[in-house]
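Colleague: Could you have a look at this structure, given as C-alpha cells, before my questions?
The values are calculated or read from the model by the stated rules, or taken from the named source; none is laboratory data. On a predicted model such as this, the values are computed, not experimentally measured, just so you know. Every residue, glycine among them, receives a Cβ derived from its backbone with ideal geometry; neighbour counts consider all protein chains shown. These accessible areas exclude ligands, DNA and RNA; they are computed on the full protein's heavy atoms, side chains included. Shrake-Rupley method; radii C 1.70, N 1.55, O 1.52, S 1.80 Å.
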Amino acid sequence: MDEMALSNLGSRTAADRAISADGVIRLALNHPPPVPDVFNPIVSEAMNRVLATTPPAELMATHRWMGTEKDRQLGAVFVARRLGDRPDPDRIIITHSTQAAVHMLLPTVVGEVRPLAVEQMSYPPIRSFAARYGIRVVDVAIDGHGLNPNAFEQVCRRDRPAALYLLSTFQNPTTVTMSVGRRKEIAAIARRHQVQIIEDDIYSLLAASSLPPISAFVPELSWYLLGTAKSFSAGLKLAFVVAPNGADAAQAFWPGIRATYWMASPVSAALMAELISSGDDLKILDAVKIELAARHHLVVNGLSGKWLASDPGCLHVWIPLKGVSSNRTAAALLRDGVQVADSASYARDGWIPPEAIRIGIGNPESRSVLREAISRIRRALP
Ligand SMILES: Cc1ncc(COP(=O)(O)O)c(C=O)c1O
C-alpha cells in the first residue's frame with residue numbers, strides 16, 4: 001500500500017465519527033462530542049507524566065489484573081463522584097470497557113438457571129450478550145419515570161430473576177432519569193427478592209446535578225458500572241466496576257475466572273489514574289458538558305414544535321413519532337443521508353414498542369454537521 005492510500009485510510013477513520021465515506025451523518029452512534037482544544041493538551045501532558053514516572057517497558061510488561069493498588073484507590077475516588085462514599089478499593093475492578101465487564105458478569109452473576117431482568121427498551125447488546133451465555137431475558141415495563149416498580153415486583157415474584165440490568169440516569173434510549181424515590185423503591189424490591197443489580201451508569205457523569213445511583217441504596221447486591229466511553233472518549237476503553245464486596249470481585253473477575261480479555265490496557269489505566277489524581281478529568285468533563293449543552297440547544301431550536309425527550313446533559317435525544325412508523329422514518333432518513341436508531345432496535349422481537357427514533361448528538365464532528373442533520377430530520381418528521 002502506498003503512502004497516499006495509507007493516509008486516506010487514516011482520514012476515513014476520523015471521518016467515520018461524523019460523516020462516513022458514503023456521506024452518511026451517523027447519529028445512531030452515541031459518542032461524546034469532541035473537545036480537542038481541551039482534551040488534547042490535557043491528555044498529552046498527562047501521558048507525558050505517566051511515561052516520565054513509568055518507562056514504557058515497565059508500563060506494558062504485563063497485564064493490569066484488577067488494576068494496580070493505585071488504580072483501584074483512584075478508581076474509588078472516581079466512582080465516589082457518583083456513589084457519594086469512597087468504596088473500599090478491594091471492591092473496585094478496572095476493566096477494558098462496560099461491555100467487557102458485562103460479559104464477565106452475565107455468566108457468573110446471572111448464570112443459566114434464573115433469568116436476567118431488563119428494561120422493556122434497553123441497550124441492545126444486553127440481549128445478544130445474554131443469548132451468548134444461554135441466559136433467558138425477561139422484560140420489565142417502563143413508564144415516563146423509568147423502570148416501573150410494580151412491574152419489577154411482579155417479575156421478581158413470577159420469574160425470580162437472578163439480576164436486573166438497568167440505567168437509572170439518562171436511560172438508553174428514552175433519556176429518562178429516575179427520581180430518588182423510585183431508585184429507593186427499586187433498591188427495596190431488589191433487597192426483598194434478593195435480586196442483584198447490574199447498574200450501568202455510563203451516561204451519568206454528564207448530568208448537571210446527579211442523583212445517587214440505585215447501587216448506593218443496596219450496595220450489598222449491586223454491581224455498579226461507571227464506564228468512560230460516554231463522558232471522556234470511547235477509544236480510551238475503560239470502565240470502573242464496584243462489586244458488592246472484595247470476595248465477589250475476586251470470584252467474578254480475577255483469580256476466580258482466569259480470563260484476561262476484560263483487563264484494562266495498562267496505558268489507558270495509567271492515563272486515567274493520572275487524570276483523576278490531578279483532577280484534570282474534571283476539566284475534560286466540564287468541556288464536554290459545555291459542548292453538549294450547546295448542541296442540545298441547537299437541537300431543541302432546530303426541532304421546535306416537535307415532541308422530544310432530552311436534557312442538556314444527555315448525549316441522546318428521543319423523538320416520539322405520532323402514529324408514524326419509526327422503521328420507515330429511519331429508512332427515509334438514511335436515504336437522505338442521516339442514520340438514526342429506531343425504537344424496535346431497543347426491544348425484544350415480538351413486542352412492538354412505541355414508535356420513536358433516537359439520535360446521538362455528540363457524534364458529529366462539528367455543530368454545523370449536526371445542524372444539517374437536524375434540518376433533514378425536521379423535514380422527515382410528521
Ligand atoms: C448503555 C450503554 N452501556 C455501555 C455502552 C458501551 O460502553 P463501553 O464502550 O464501555 O463498552 C454503551 C454504548 O453505546 C451504552 O449505550
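Colleague: Within the stretch 60-88, can you find the residues that are part of a helix (DSSP H, G or I), within 16 Å of the ligand (Cβ to nearest atom) and over 25 Å from ILE189 (Cα atoms)? Give the derivation first.
Modeller: Step one: list which residues in the stretch 60-88 are part of a helix (DSSP H, G or I), which gives 69-83.
Next, only the ones that are within 16 Å of the ligand (Cβ to nearest atom) stay: 75, 78-79, 82.
Of everything in the stretch 60-88, those that are part of a helix (DSSP H, G or I), within 16 Å of the ligand (Cβ to nearest atom) and over 25 Å from ILE189 (Cα atoms) turn out to be GLY75, PHE78.
Colleague: A follow-up question, please. Being assigned to a helix (DSSP H, G or I) and farther than 21 Å from PRO364 by Cα is the filter; apply it to the stretch 320-342 and report the residue that is farthest from the chain's Cα centre (by Cα).
Modeller: Taking the candidates together, the pick is ARG328.
Colleague: Looking only at the stretch 297-332, which residues are within 14 Å of THR177 (Cβ to Cβ) and either open to solvent by 40 Å² or more (accessible area, probe 1.4 Å) or modelled with pLDDT under 95 (or both)?
Modeller: Hits for the stretch 297-332 are SER310, ASP311, PRO312.
Colleague: Okay, moving on. If you check SER122, SER128, which single one turns out to be farther than 21 Å from ALA273 by Cβ, within 14 Å of the ligand (Cβ to nearest atom) and open to solvent by 20 Å² or more (accessible area, probe 1.4 Å)?
Modeller: SER128
Colleague: Right, something else. Specify the residue that is most open to solvent (accessible area, probe 1.4 Å); the eligible residues are those in the stretch 89-103 that are assigned to a helix (DSSP H, G or I) and within 12 Å of the ligand (Cβ to nearest atom).
Modeller: Among them, the one singled out is GLN99.
Colleague: Further question: So, ARG379, is that one under 30 Å from ASP37 (Cβ atoms) and either in the same structural domain as ASP311 (by TED's automatic domain parsing) or open to solvent by 70 Å² or more (accessible area, probe 1.4 Å) (or both) or not?
Modeller: Answer is no for this residue.
Colleague: Regarding the stretch 149-160, can at least one residue be identified that is within 23 Å of ALA207 (Cα to Cα) and not assigned by TED's automatic domain parsing to the domain that holds SER345? Please lay out each step first, then the result.
Modeller: Going residue by residue through the stretch 149-160, those that are within 23 Å of ALA207 (Cα to Cα) are none.
No, the stretch 149-160 contains no residue that is within 23 Å of ALA207 (Cα to Cα) and not assigned by TED's automatic domain parsing to the domain that holds SER345.
Colleague: Moving on to the next point. Of LEU225, LEU236, which residue is within 11 Å of the ligand (Cβ to nearest atom) and open to solvent by less than 10 Å² (accessible area, probe 1.4 Å)?
Modeller: Result: LEU225 is the single residue among LEU225, LEU236 that is within 11 Å of the ligand (Cβ to nearest atom) and open to solvent by less than 10 Å² (accessible area, probe 1.4 Å).
Colleague: So how many residues does the stretch 184-210 have that are assigned to a loop (DSSP other than H, G, I, E, B) and modelled with pLDDT of 95 or more?
Modeller: Start the filter on the stretch 184-210 by keeping residues that are assigned to a loop (DSSP other than H, G, I, E, B), which leaves 194-195, 201-203, 207-210.
Keeping just the survivors that are modelled with pLDDT of 95 or more gives 194-195, 201-203, 207.
Adding up the residues that qualify gives 6.
Colleague: OK, next. Being among the hydroxyl-bearing types (Ser, Thr, Tyr) and open to solvent by less than 40 Å² (accessible area, probe 1.4 Å) is the filter here; which residues of the stretch 265-296 pass it?
Modeller: Hit for the stretch 265-296 is SER268, nothing else.
Colleague: Across the stretch 321-349, what is the number of residues that are touching a Gly at 6+ places or on another chain (Cβ under 9 Å) and not β-branched (Val, Ile, Thr)?
Modeller: 2
Colleague: Also: Do we have any residue at all in the stretch 90-105 that's at pLDDT 95 or above and touching a Leu at 6+ places or on another chain (Cβ under 6 Å)? Please lay out each step first, then the result.
Modeller: Of the stretch 90-105, the ones at pLDDT 95 or above are 90-105.
Then keep just the ones that are touching a Leu at 6+ places or on another chain (Cβ under 6 Å); that gives 98, 101.
Checking the stretch 90-105: at least one residue is at pLDDT 95 or above and touching a Leu at 6+ places or on another chain (Cβ under 6 Å).
Colleague: When you look at ALA356, is it open to solvent by less than 10 Å² (accessible area, probe 1.4 Å) and in contact with a Phe, Trp or Tyr (Cβ under 9 Å, 6 or more places away or on another chain), yes or no?
Modeller: yes
Colleague: Given (1) in a helix (DSSP H, G or I); (2) closer than 27 Å to SER204 by Cα, where does ARG378 come up short, assuming only one miss?
Modeller: So the condition that ARG378 fails would be (2).
Colleague: State whether the residues of the stretch 188-203 include one that is in contact (Cβ under 8 Å) with a residue 12 or more places away in the chain, over 22 Å from VAL137 (Cα atoms) and not β-branched (Val, Ile, Thr).
Modeller: yes
Colleague: Now a separate question. Can you tell me which condition SER168 does not meet? The list is (1) of a type outside the set (Val, Ile, Thr); (2) away from the ligand (no atom under 14 Å from the Cβ); (3) open to solvent by less than 20 Å² (accessible area, probe 1.4 Å), and all the others hold.
Modeller: Here SER168 meets the rest and fails (2).
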